[in-house]
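I have a structure here, written as structure tokens, and I will follow up with some questions on it.
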Amino acid sequence: MSYPHLLTPEEKLADAKKLLSLPRIVVICGSTRFMTEMTEADLRETEAGRIVVKPSGDMKSPHALRSDPVEAEALKVRLGDLHRAKIRLADEVLVVGDYVGDSTRAEIAYARSLGKPVRFTHPEADPDA
């Protein structure tokens, strides 16, 4: 006797995207030192018909939301969790910049562990190349 295949949450999400006729979703990853390049990549990807999600800000720049060091660290953790959720939502990852630090390397590894394709604006920056 054959049992029906239960869909994983990832398969359900992929089916929902198809049913909604959503364009490909690209998440931009990279060091926040490349925010200008991320904005350019966002524009290029959007003009190519893709939905783009990217980091919302630079945690290294001063901002009133991050004036308390304890709160700033908690925010950094929450933003990391949020960015991993963006990776799960996306169909592919675009890594921006010619430098890949520890956080970006972890994001690349996470995306690849989920089977997400990873592109680079600077292919030589791929830590697995």
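If the only charges are +1 at each Lys and Arg Cβ and -1 at each Asp and Glu Cβ, what is the size of the charge dipole of the chain around the Cα centre, to the nearest 20 debye?
On the way: 19 positive and 21 negative charges, 74 e Å.
The dipole of the chain has a size of about 360 debye.
Modelling each spin label as a point 7 Å along the Cα-to-Cβ direction, I'd like the Lys116/Asp81 distance in nm, to one decimal.
Result: 1.8 nm between the two label points.
Ok, one more. How would you rank 109-116, 26-33, highest first, on the average number of other Cβ atoms within 10 Å across their residues?
Ranked from most to least packed, the peptides come out as 26-33, 109-116.
How many percent of the accessible area of the stretch 7-96 is carbon or sulfur, using a 1.4 Å probe? Intermediate values should be presented prior to the final figure.
Values: 3370 of 5650 Å².
Result for the stretch 7-96: 60 percent of the exposed heavy-atom area is carbon or sulfur.
Also, quick follow-up: Counting heavy atoms of the protein chains only and a 1.4 Å probe, report the per residue accessible area for the chain as a whole number of Å². Don't jump to the answer; show the numbers that get you there.
Working: 8470 Å² over 129 residues.
On a per-residue basis, 66 Å².
Here are a few candidate values for Rg and Dmax of the Cα atoms in Å: (1) 14.0, 42; (2) 16.6, 62; (3) 14.8, 42. Which one was actually calculated from the structure I just gave you?
The value matching this structure is (2).
The values are calculated or read from the model by the stated rules, or taken from the named source; none is laboratory data. These figures come from a predicted structure and were not determined experimentally. A quick note on method: Cβ atoms are made from the backbone with ideal geometry, for glycine too, and the neighbour counts reach across all protein chains shown. These accessible areas exclude ligands, DNA and RNA; they are computed on the full protein's heavy atoms, side chains included. Shrake-Rupley method; radii C 1.70, N 1.55, O 1.52, S 1.80 Å.
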